[in-house]
Amino acid sequence: MSRFVGVLVSDQWLQSQFTQVELLSLKTKFIEVKKQNGNVTVGDLPPLMVKLKPFKEFTEEEIRGILGESGSDLSDETDFEAFLRAYLNLQGRATLKLGSSKNSSSFLKAAITTLLHTISQSEKASYVAHINSYLGDDPFLQQYLPLDPATNDLFDLAKDGVLLCKLINVAVPGTIDERAINTKRVLNPWERNENHTLCLNSAKAIGCTVVNIGTQDLVEGRPHLVLGLISQIIKIQLLADLNLKKTPQLVELVDDSNDVEELLSLPPDKVLLKWMNFHLQKAGYKKPVTNFSSDLKDGEAYAYLLNVLAPEHCSPSTLDTKDPNERAKLVLDHAEKMNCKRYLAPNDIVEGSSNLNLAFVAQIFHQRNGLSTDSKKISYAEMMTDDVQTSRDERCFRLWINSLGIATYVNNVFEDVRNGWLLLEVLDKVSPGSVNWKQASKPPIKMPFRKVENCNQVIKIGKQMKFSLVNLAGNDIVQGNKKLILAFLWQLMRFNMLQLLKNLRSHSQGKELTDADIINWANNKVKSTGRASQIRSFKDKSLSNGIFFLELLSAVEPRVVNWNLVTKGESDEEKRLNATYSISVARKLGCSIFLLPEDIMEVNQKMLLILTASIMYWSLQKAAEEADSYPSPADGSSCSTITDASPAPSISGEDEISSLCGEVSNFSIDDAASDTTVSSLVENDMASVGE
C-alpha cells in the first residue's frame, strides 16, 4: 500500500484553502488544458472556470472581466498556483453574488466546503463539551478526555481517526464495529489512514455529506473540515428522533393525511421548526420562526416556548427585560432547570448562531416535546410508516444517492423522487449525458403534468439502459408507488456498480459484467487462499453467518481481518457479530456500502451483490493503481510485478497483482447474456405490484 502524498502547493496558506479532493480535481482540469494547448494562459481560464459548479451563476464574459481586473493580459502564461488564487477570488465573488439565496434549507444538503475557513470558537467549545459528555467514559478515549476547548486538543486527537469513529457510534449506535478500529497510543500511517477511511465511509452511511473531504485532510487535522464533519455527526444524533417512525406523536403537528405526507418529506431541521411554531402558536407568540438565526436573536421565541413546555419554571422577568443578553441568560437558566444540556452561551443566542441554536432547540425537544399521547393519532402515524424491509431499502438508496454528490439532498426517497428531478440528477451522475435537461422542469414544480414529463423521461432513459421496467410508467413515480420506485432504484444502483467495474476493466478489453462473474471472482479469490468456502448464488443461505465475506476481505487484503474476533456464526448473536464486523472491515478498506447487518443475516441478495461487487471494485482498483505506479515489463505486458509497500504485506505478495490482472483480462462474457439474477428480482417486484 503506497503512501498517499497528494497535491502539494508551495504556498502553505494557499494549500490550506483547499481539501486534497478539491486540489486533485482542480489539478486534473488544469493539466488537461495544458496538455491540450501546450501551456495555460489567463485567457484559457474563463472557459475552464465557467464549467465548474461554484461558478455556474457566471457567464464566461463575466469571469474574463473579473480576471482582467488584476491587470493581467489574457495572453500571459499562468501556473497552477495562480489558477488557485484566481479560483479563490472568483469564489468570493460568487458568494457575494448569491448572497443568502445559496443557504441550504437542510443542514446536510450542502457538502463541506472551503468557502469560509474561520472557526467559530463558540461552536468548537460546544462540540468539545458534547464529546467530553458522551465519550468521557470511553475505555480508550478517557485517557485523553476531557478536552480543553481553549486549545487545539480536539484537532490533534482527531488526527488518528479513533475519536471520529467513536462519535459516529454515539450518533447512530452500532454503525461501526469498534473491533475494526485501530486503537493504540501510537498508530502508523497505514493504521491511521484505515481509521479515517472507516470514518468517512461510515459517516456517509449515517447521512453525512463528505464529498469534498479526504482521509489526508483528517490526518492533517484541518480545523474547518474536522469541525464541519463533527458538526454534521452531532446534528444527526440530536435530530435522530424528529420523524414519525421514532416519534409518532409528531402527527399532532398536522391536520390531515396530505399534511402527513408533507411531514414525511420534511428534513429533520424543518420538522423541528414546525414543532417549535406549533407550540409558539399555542402560547400566543405572533411571529413565525423560519430559521435558527435571526428569528431567535431577541430570545422572545425561546421565552414563550419554554413557558408553554415548562410553566413550573416560568419567570415573568424573562419577557419583561429589555436587554437581549439578560433575556438570553434567563432563557438558559430556565432550560437548565429542565435538565437541558447547555449547547450555547447567551451571546450565541444574541448573535444568532444557527448551528448552536438548532442544537439547543433539539435538546429542548428531547427533554420535553409537549406533544399529545392520543392513541388514535399515534396509531394513525404508525400506520403511515413503512414496513421493516421497505424502510431498510429506502434508507440504503437514500444514503447511496446522498453519497453521489448531486445538488439535491434526499430526506425521504419516496417523497423526494415524485417530481422526477432527483432521479434525473442521479441518472445524469450515473450515466453522464443521458438526460435532456432542456425537456426537464426544475423544482418547485406547480403543474402536475410537468412532474409526469420528468418521470416519463426517467422511464425512457431507464429503458435505454436496458432496465426491466414491466408495469412501470412515469405516473407511478409521481403517485409514489413504493414497490416500483424501489425496483427502479435497485437497478440504478446495480448499473452504477457494474459500470464502475466495467470502467476499471476497460484497459484489458473487458466486456459487460454479470452477477455470475462477480460470484466467480469472489469464489476464485477465496479459493486462492486455500479456503474451501464457495457460494452458488447471492441467495445461498450459508452467507448468513458472514464468514464468506470475511474470507473474501482477507483474500484481497490479508492483514485487515483479525480472525481472533470471528465467531463460528452458529447462533443469531454470532451471525450478527460477524456481519457487523465484515461491514466495518469493508468500509475500513475503502468500500462505500450502505447495507445493515440484518441484510447479511437474512441473505438479502440485492445488498449482498452490492457488497461483493464493492469489494471486487476495491481489489481491482488497488491492483490497477499499483500496476500503473510501476513501469511495465519489457515484453509489453500490462501486468507489473510489484512489491507491496505496506508494513504487513499481502500473503500472496507479488502474485496478488498479477493474478488480479489475469482475472480481469480472462473474463469472456457475452454482451447479450441475460442476467437472470437481476431480471428475476425486478420482475418479481413488478409482478407483485401488478397483481
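The values are calculated or read from the model by the stated rules, or taken from the named source; none is laboratory data. Quick caveat, the model's predicted, so the values are computed rather than measured. Virtual Cβ from ideal backbone geometry, glycine too; neighbours counted across all protein chains shown.
Could you tell me which of the residues GLY433, GLY480 is among the small types (Gly, Ala, Ser) and either within 21 Å of ARG392 (Cα to Cα) or not in a loop (DSSP other than H, G, I, E, B) (or both)? If you could, list the steps in order and put the result at the bottom.
Working: GLY433 fails: either within 21 Å of ARG392 (Cα to Cα) or not in a loop (DSSP other than H, G, I, E, B) (or both).
Just a single option satisfies the conditions, and that option is GLY480.
Could you tell me which residue of the range 411-430 is surrounded by the most Cβ atoms within 10 Å (Cβ to Cβ), considering only residues that are in a loop (DSSP other than H, G, I, E, B) and of a type outside the set (A, V, I, L, M)? So that I can check it myself, show each step before the final result.
Start the filter on the range 411-430 by keeping residues that are in a loop (DSSP other than H, G, I, E, B), which leaves 411-412, 417-420.
Of the ones still in play, those that are also of a type outside the set (A, V, I, L, M) are 411-412, 418-420.
Numbers: ASN411: 23, ASN412: 17, ARG418: 23, ASN419: 22, GLY420: 25.
Among them, the one singled out is GLY420.
Is at least one residue of the range 73-92 within 30 Å of ARG179 (Cβ to Cβ), among the small types (Gly, Ala, Ser), within 29 Å of the chain's Cα centre (by Cα) and modelled with pLDDT of 70 or more?
Of all residues in the range 73-92, those within 30 Å of ARG179 (Cβ to Cβ) come to none.
For the range 73-92, residues within 30 Å of ARG179 (Cβ to Cβ), among the small types (Gly, Ala, Ser), within 29 Å of the chain's Cα centre (by Cα) and modelled with pLDDT of 70 or more: absent.
Assess whether TYR285 counts as being buried (at least 20 other Cβ atoms within 10 Å of the Cβ) and among the hydroxyl-bearing types (Ser, Thr, Tyr). Reasoning before the result, please.
Numbers: buried (at least 20 other Cβ atoms within 10 Å of the Cβ): no; among the hydroxyl-bearing types (Ser, Thr, Tyr): yes.
Taking the combined requirement at face value, the residue does not satisfy it.
Does ASN419 meet the test of being in contact (Cβ under 8 Å) with a residue 60 or more places away in the chain and under 22 Å from LEU263 (Cβ atoms)?
no
From the list LYS483, LYS466, LYS541, pick out the single residue that is out of contact with any helix residue (DSSP H, G or I) (no Cβ under 8 Å at 6 or more places or on another chain) and within 25 Å of VAL430 (Cβ to Cβ). Even if it seems obvious, please write down each step before you answer.
Numbers: LYS483 fails: out of contact with any helix residue (DSSP H, G or I) (no Cβ under 8 Å at 6 or more places or on another chain); LYS541 fails: within 25 Å of VAL430 (Cβ to Cβ).
Result of the check over LYS483, LYS466, LYS541: LYS466.
Out of VAL603, VAL561, VAL566, VAL556, which single residue is at positive phi and out of contact with any Pro (no Cβ under 9 Å at 6 or more places or on another chain)?
Numbers: VAL561 fails: at positive phi; VAL566 fails: at positive phi; VAL556 fails: at positive phi.
Result of the check over VAL603, VAL561, VAL566, VAL556: VAL603.
Is it true that LEU305 is buried (at least 22 other Cβ atoms within 10 Å of the Cβ), more than 19 Å from the chain's Cα centre (by Cα) and in a helix (DSSP H, G or I)?
yes
Where residues in the range 615-628 are buried (at least 23 other Cβ atoms within 10 Å of the Cβ) and not β-branched (Val, Ile, Thr), which of them is farthest from PHE538 (Cα to Cα)? So that I can check it myself, show each step before the final result.
Step one: of the range 615-628, the residues buried (at least 23 other Cβ atoms within 10 Å of the Cβ) are 615-616, 619, 623.
From what's left, not β-branched (Val, Ile, Thr): 616, 619, 623.
Values: MET616: 15, SER619: 19, ALA623: 25 Å.
Checked the range 615-628; the qualifying residue farthest from PHE538 (Cα to Cα) is ALA623.
Which count do you get for residues in the range 143-158 that are aliphatic (A, V, I, L, M), in a loop (DSSP other than H, G, I, E, B) and touching a helix residue (DSSP H, G or I) at 6+ places or on another chain (Cβ under 7 Å)?
Total satisfying the criteria: 2.
Here's a check for you: in the range 126-145, which residue that is of a type in the set (Phe, Trp, Tyr) and under 28 Å from the mean Cα position of the chain (by Cα) is nearest to VAL162 (Cα to Cα)? Quick ask: steps written out before the conclusion?
Our first condition is that a residue be of a type in the set (Phe, Trp, Tyr); within the range 126-145, this holds for 127, 134, 140, 144.
Next cut, under 28 Å from the mean Cα position of the chain (by Cα) only: 127, 134, 140.
On the way: TYR127: 16, TYR134: 14, PHE140: 9 Å.
Per the stated criteria, the residue is PHE140.
When you scan the range 474-485, do you find a residue that is closer than 26 Å to CYS591 by Cβ and crowded, with 20+ Cβ neighbours inside 10 Å, even just one? Talk me through it step by step, then tell me what you get.
Initially, the range 474-485 is screened for residues closer than 26 Å to CYS591 by Cβ, giving 485.
Narrowing further to those that are crowded, with 20+ Cβ neighbours inside 10 Å: 485.
Yes, the range 474-485 contains a residue that is closer than 26 Å to CYS591 by Cβ and crowded, with 20+ Cβ neighbours inside 10 Å.
Confirm whether GLN479 is of a type outside the set (A, V, I, L, M) and more than 16 Å from ASN412 (Cα to Cα). Before the answer, list the steps.
On the way: of a type outside the set (A, V, I, L, M): yes; more than 16 Å from ASN412 (Cα to Cα): no.
Against the criterion (of a type outside the set (A, V, I, L, M) and more than 16 Å from ASN412 (Cα to Cα)), GLN479 does not qualify.
Can you tell which of LEU238, LEU218, LEU187, LEU198 is farther than 30 Å from PRO311 by Cα, in contact with a His (Cβ under 8 Å, 6 or more places away or on another chain) and of a type in the set (A, V, I, L, M, F, W, C)? Walk me through it before giving the result.
Details: LEU238 fails: farther than 30 Å from PRO311 by Cα; LEU187 fails: in contact with a His (Cβ under 8 Å, 6 or more places away or on another chain); LEU198 fails: in contact with a His (Cβ under 8 Å, 6 or more places away or on another chain).
Step by step, each of LEU238, LEU218, LEU187, LEU198 is checked, and only LEU218 is farther than 30 Å from PRO311 by Cα, in contact with a His (Cβ under 8 Å, 6 or more places away or on another chain) and of a type in the set (A, V, I, L, M, F, W, C).
Considering every residue within the range 188-205, establish whether at least one is within 30 Å of GLN479 (Cα to Cα), assigned by TED's automatic domain parsing to the domain that holds GLN142 and surrounded by 24 or more Cβ atoms within 10 Å (Cβ to Cβ). Walk me through how you get there before you give the answer.
Kept after step one, since they are within 30 Å of GLN479 (Cα to Cα), are these residues of the range 188-205: 204-205.
Of the ones still in play, those that are also assigned by TED's automatic domain parsing to the domain that holds GLN142 are 204-205.
Add one more test, that the residue is surrounded by 24 or more Cβ atoms within 10 Å (Cβ to Cβ), and what stays is 205.
Yes: one or more hits.
Which condition breaks for LEU500 when tested against (1) at pLDDT below 95; (2) aliphatic (A, V, I, L, M); (3) assigned to a helix (DSSP H, G or I); (4) over 29 Å from ILE459 (Cβ atoms)?
Looking at each condition in turn, LEU500 falls short on (4).
Check ASP515 against each of (1) buried (at least 19 other Cβ atoms within 10 Å of the Cβ); (2) within 24 Å of SER391 (Cβ to Cβ) and name the one condition it does not meet.
(2)
I'd like the full set of residues that are in contact (Cβ under 8 Å) with a residue 24 or more places away in the chain and buried (at least 20 other Cβ atoms within 10 Å of the Cβ), limited to the range 249-263.
Result: LEU250, VAL251.
For GLN121, state whether it is modelled with pLDDT of 80 or more and out of contact with any Asp or Glu (no Cβ under 9 Å at 6 or more places or on another chain). Even if it seems obvious, please write down each step before you answer.
Details: modelled with pLDDT of 80 or more: yes; out of contact with any Asp or Glu (no Cβ under 9 Å at 6 or more places or on another chain): yes.
Yes; evaluated as a whole, the condition is true for this residue.
So which helices (runs of 4 or more DSSP H) stay within the range 527-610 end to end and still have 2 or more residues that are among the acidic types (Asp, Glu)? Show your work before the answer.
Details: elements: 547-556, 572-589, 597-601.
The qualifying helices (runs of 4 or more DSSP H) are 572-589, 597-601.
Take PHE278 and tell me if it is in a loop (DSSP other than H, G, I, E, B) and of a type in the set (Phe, Trp, Tyr).
no
Tell me the residue from PHE488, PHE538, PHE495 that is surrounded by 15 or more Cβ atoms within 10 Å (Cβ to Cβ) and more than 24 Å from GLN621 (Cα to Cα), please.
Numbers: PHE538 fails: more than 24 Å from GLN621 (Cα to Cα); PHE495 fails: more than 24 Å from GLN621 (Cα to Cα).
From the options PHE488, PHE538, PHE495, the qualifying one is PHE488.
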